[in-house]
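Undergrad: I have a structure here, written as structure tokens, and I will follow up with some questions on it.
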Amino acid sequence: MTSRLRVLGLHAVMLCTLVAAVLATHIAAIKPDLPLALLDSFDQAFDLVYDAAERKVSELEAAPTSPLPRRDIAAILRDLEARIAAACDRASAVLDAELAVAGSLPPERRISVLGCIERHLADARNAAGRASDPDVRAEYDATCDRLREVRRLI
């Protein structure tokens, strides 16, 4: 019986020593404040963002709601048509300016330009053949006529 008590006492002493060592290590170890400081800074940032969002929501709710002017789809299409026409006119003017100096092109450059024109003319002919709308087909035909005219000038 005494041997059992000695073993039990020995185990109790070892357990107490182990607990004391763990506590001493735990108390002696310096714990970094970085995670807590980092969490605090995230918390502060979140509070600032949340407050700013709340202010913005209250501003939007307090602002008078005036209906936005609605534009008719036809007006939007007319505006787009005018912009496209202006872009086409600018491109045509640039092309005319380039054609004015086309006579001074070296032969290899002239052959290259003619090849590009032929490719675009073939693309326009194919697209005109696939077009079902007469207005679209007329636009492709006008493009083909313009490309033929440019080909003659080069």
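Undergrad: Considering 63, 29, which residue is modelled with pLDDT of 65 or more and exposed (fewer than 10 other Cβ atoms within 10 Å of the Cβ)? Quick ask: steps written out before the conclusion?
TA: On the way: 29 fails: modelled with pLDDT of 65 or more.
Sole residue among the options that is modelled with pLDDT of 65 or more and exposed (fewer than 10 other Cβ atoms within 10 Å of the Cβ): 63.
Undergrad: Here is a list of conditions, (1) of a type outside the set (A, V, I, L, M); (2) modelled with pLDDT under 80; (3) within 30 Å of residue 139 (Cβ to Cβ); (4) exposed (fewer than 10 other Cβ atoms within 10 Å of the Cβ), and residue 96 meets all of them except one; can you say which number that is?
TA: (4)
Undergrad: Condition first: without any contact (Cβ under 8 Å) to a residue 12 or more places away in the chain, small (Gly, Ala, Ser) and within 15 Å of residue 148 (Cα to Cα). Now tell me which residues in the range 99-136 satisfy that. Show your work before the answer.
TA: Initially, the range 99-136 is screened for residues without any contact (Cβ under 8 Å) to a residue 12 or more places away in the chain, giving 100-101, 103-104, 106-109, 111-112, 115-116, 119, 122-123, 126, 129-136.
From what is left, the residues that are small (Gly, Ala, Ser) are 100, 103-104, 112, 115, 122, 129, 131-132.
Correct list: 115, 122.
The values are calculated or read from the model by the stated rules, or taken from the named source; none is laboratory data. All values reported here derive from a predicted model rather than from experimental measurement. Cβ atoms come from the backbone with ideal geometry, glycine included; neighbour counts cover every protein chain shown.
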